[in-house]
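Asker: Can you keep this structure in mind? I'll have questions shortly.
What follows is calculated from the coordinates using simple rules that are stated; it is not laboratory data. Not measured: the values here are computed from a predicted model. A quick note on method: Cβ atoms are made from the backbone with ideal geometry, for glycine too, and the neighbour counts reach across all protein chains shown.
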Amino acid sequence: APSSLLIIHIMKYFYNIFVLWILLITLDKCEGLGVNWGTRASHPLPPDIVVKLLKENGFNKVKLFEADPGVLKALGRSGVQVMVGIPNDLLAPLSASVRAAEQWVQQNVSSFISKNGVDIRYVAVGNEPFLKDYKDTFLNTTYPALQNVQAALIKAGLSRQVKVTIPINADVYQTDTGVPSGGNFRSDIHGLMMNIVKFLSDNGGPLTINIYPFLSLYADPHFPIDFAFFSGTSSPVVDGSISYTNVFEANYDTLVWALEKNGFGSLPIIVGEIGWPTDGDSNANIEYAKKFNQGLLDRISRGIGTPKRPTPPDIYLFGLVDEDTKSIQPGNFERHWGVFYYDGAIKYQLNLGNKQSLKAAKGVRYLARKWCVMAPDANVMDPNLPDSINYACSYADCTSLGYGSSCGGLDVKSNASYAFNMYYQTMNQQKGSCERFHNLSVITTIDPSPSSSNFGRSSSNCRFEIMIDVGRHETRVNPGTSSATKIKHFSLVLLVLVFMLHY
């Protein structure tokens with residue numbers, strides 16, 4: 001009947017309009033956004049809360065540095081794709097025995113896929129094993145470990161689903177000409193890199209590279225700071241017809257040139273780590289971190305690659321949350337790479353696309369609202385004060401007190417209070433833990449965190465922490481399917497309905 005046909009046409013019209021709207025939403029948001037989840041913390045966030053934090057902020061890919069059972073279980077059926085890492089100290093046993101590799105894959109990959117529904121896509125064999133600082137420690141074990149893990153994945157029937165990779169530092173390649181087109185692998189490991197690259201190519205695995213513009217600035221005080229960001233520079237690096245305006249593109253394309261020169265120009269590349277720290281150095285601050293990470297997210301959302309590879313790679317932001325027990329051998333900034341503080345609180349806002357901004361962790365429970373500070377009547381000239389501060393900082397994270405750091409502008413009494421409190425919180429506010437400092441300390445319920453008006457710009461972001469109560473958290477609830485995934489599924493259903501109505 002004519003009236004029925006009219007109704008069908010009207011339905012088709014509105015369905016098409018609605019589907020177009022849905023597609024525009026999904027295209028405008030940062031899709032495929034990855035992040036590194038490190039767990040070197042004295043009071044780590046419960047894994048279930050972290051998985052919710054990932055999903056609510058659109059991180060649908062996560063890179064882990066080790067196969068932590070609690071973390072992997074929490075990621076089960078979450079819709080988050082996982083790259084699980086093998087620490088460098090396991091490379092030797094895995095390289096020496098295929099059986100050891102088979103056991104590792106069974107315990108840390110097969111089991112979590114089959115029993116928990118974890119979407120493991122990659123196994124990262126080692127982490128920057130060829131760093132010059134390691135003095136060839138892992139030079140003879142990394143490649144054999146890679147081969148044995150691949151053999152184990154094949155035996156487990158997982159080699160099509162799970163690919164192997166090795167996260168490498170950008171110091172494995174270099175350019176003698178100072179421009180990307182001069183790129184090649186380091187001469188001392190050139191043969192080894194060729195074996196690895198060929199093996200990855202033969203088995204469908206990508207090469208994973210970690211790129212840190214911050215470290216370029218940290219290592220060289222004369223490094224042009226605007227070249228570290230994505231907003232352009234007055235002094236670009238000119239390579240033939242290409243002008244490079246940021247270090248990320250120049251660094252990435254140097255690797256592409258190195259691969260091309262050796263016959264592997266089409267090998268997939270993943271950016272395994274990239275980010276900017278917020279503390280522990282004068283250039284590690286919230287202003288720069290926000291500028292860098294927002295520029296990076298804008299590139300991802302706009303689908304911008306590099307001159308040599310216009311299609312953008314998968315990128316894993318470093319990192320998700322701060323880690324207060326991570327090694328500070330490279331620098332105090334190592335504990336402050338998180339987009340979020342240790343407790344999932346937001347450090348600075350980022351535009352994720354489609355007017356979406358960062359969301360803080362929910363359900364976090366803390367220790368009692370009290371702090372350990374230097375007693376009001378204590379004398380800053382007390383001979384026991386230096387040793388007391390050193391003792392506190394030997395067992396707790398005091399990296400924010402360094403020169404140019406967020407708490408670097410405190411006076412002597414506030415400096416001591418910060419150290420005492422970090423120790424007190426790290427010890428879970430245990431009875432007696434605020435009394436170890438020769439009668440120099442006292443417990444208070446008034447937040448001693450300084451304000452910018454009292455201590456100047458350098459201390460405006462200084463926080464006197466209260467740690468997470470790791471024993472009091474809500475019971476695990478399976479995160480289920482992400483809202484982004486639900487929208488995609490709903491869009492697919494609508495597209496099918498439109499197709500049926502059309503025909």
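Asker: Using the beta-carbon distance between Lys115 and Arg40 and R0 = 25 Å, what value does 1/(1 + (r/R0)^6) give for FRET efficiency, to the nearest 0.05? Write out the running numbers ahead of the final one.
Answerer: Values: r = 27 Å, r/R0 = 1.06.
The value I calculate is 0.40.
Asker: Show me the trypsin sites (Lys or Arg not before Pro) within region 362-469 that DSSP assigns to loop and that have at most 13 other Cβ atoms within 10 Å of their Cβ.
Answerer: Values: sites: Lys362, Arg365, Arg369, Lys370, Lys413, Lys431, Arg436, Arg457, Arg463; in loops: Lys362, Arg365, Arg369, Lys370, Lys431, Arg436, Arg463.
For trypsin sites (Lys or Arg not before Pro) across region 362-469 that sit outside H, G, I, E and B with at most 13 neighbouring Cβ atoms in 10 Å, the list reads Lys362, Arg369, Lys431.
Asker: Using the Cα centre of region 316-437 as the reference point, and only Cβ charges (+1 on K/R, -1 on D/E), how large is the resulting charge dipole? Debye, rounded to the nearest 20.
Answerer: It works out to roughly 660 debye.
Asker: Still on this structure, I have one more. Can you give me the angle between helix 286-302 and the longest principal axis of the chain, using Cα atoms only, in degrees from 0 to 90, rounded to the nearest 10?
Answerer: The helix 286-302 is inclined about 10 degrees to the chain.
Asker: Once fully extended, how much extra length lies between Leu131 and Asp220, figured as 0.36 nm per residue of separation less the alpha-carbon to alpha-carbon distance? Could the numbers behind the result be given before it?
Answerer: Working: separation 89, 0.36 × 89 = 32.04 nm, distance 1.82 nm.
Here the answer is 30.2 nm.
Asker: Identify all aspartates and glutamates with a Cα-Cα distance to Lys61 below 12 Å; exclude those on the same chain that are fewer than 8 residues away in sequence.
Answerer: Cα-Cα hits under 12 Å: Glu31, Asp119, Asp314.
Asker: Further question: Roughly how big is the chain's charge dipole about its Cα centre, with Cβ charges of +1 (Lys, Arg) and -1 (Asp, Glu), in debye to the nearest 20?
Answerer: It works out to roughly 1940 debye.
Asker: Taking only C-alpha pairs under 8 Å that are 6+ residues apart, what is the relative contact order of the chain in percent? Mind showing how you got there, number by number?
Answerer: Working: 943 pairs, mean separation 84.3, N = 503.
After rounding, I find 17 percent.
Asker: Continuing with the same structure: Name the residue from Ser216, Leu158, Gly204 whose Cα lies farthest towards the positive end of the charge dipole of region 147-233, charges +1 on Cβ of Lys and Arg and -1 on Cβ of Asp and Glu.
Answerer: Positive-end residue among those listed: Leu158.
Asker: Using a 7 Å offset from the Cα along the Cα-to-Cβ direction at both Val470 and Tyr403, what is the distance between the two label points in nm, to one decimal?
Answerer: Distance between the two pseudo-spin positions: 3.5 nm.
Asker: Using a Cα-Cα cut-off of under 15 Å, which aspartates and glutamates could be cross-linked to Lys326, ignoring same-chain neighbours fewer than 8 residues away?
Answerer: Within the straight-line cut-off, Lys326 pairs with Glu66, Asp279, Glu334, Asp397.
Asker: Between 0 and 90 degrees, rounded to the nearest ten: what's the tilt of helix 483-502 against the longest Cα principal axis of the chain?
Answerer: 20
Asker: Still on this model: Dividing the alpha-carbon radius of gyration of the chain by 2.2 N^0.38 Å (N being the number of residues), what value is obtained? Before the final figure, lay out each step's value.
Answerer: Values: Rg = 25.4 Å, N = 503, 2.2 N^0.38 = 23.4 Å.
Relative to the rule-of-thumb radius for its length, the chain sits at 1.09.
Asker: Is the shape of region 383-424 best called rounded, prolate or oblate, per the rule: a/c under 1.5 gives rounded, else a/b larger than b/c gives prolate, else oblate, with a ≥ b ≥ c the square roots of the Cα gyration tensor eigenvalues?
Answerer: Details: a/c = 1.87, a/b = 1.30, b/c = 1.43.
Here region 383-424 falls in the oblate category.
Asker: Once Lys and Arg get +1 and Asp and Glu get -1 on their Cβ, which of Phe292, Tyr366, Ser441 lies farthest toward the positive end of the dipole of the chain?
Answerer: Final value for the positive-end residue is Tyr366.
Asker: Now a separate question. Quick check: the angle from helix 385-395's long axis to the longest principal axis of the chain, C-alpha only, nearest 10 degrees?
Answerer: It works out to around 30 degrees.
Asker: Over 27 Å between Cα atoms, which of Lys73/Lys198; Lys115/Lys359; Lys52/Lys290; Lys155/Lys261; Lys132/Lys155; Lys135/Lys308 qualify?
Answerer: Details: Lys73/Lys198 34 Å; Lys115/Lys359 30 Å; Lys52/Lys290 22 Å; Lys155/Lys261 34 Å; Lys132/Lys155 34 Å; Lys135/Lys308 32 Å.
In this structure, Lys73/Lys198; Lys115/Lys359; Lys155/Lys261; Lys132/Lys155; Lys135/Lys308 lie more than 27 Å apart at Cα.
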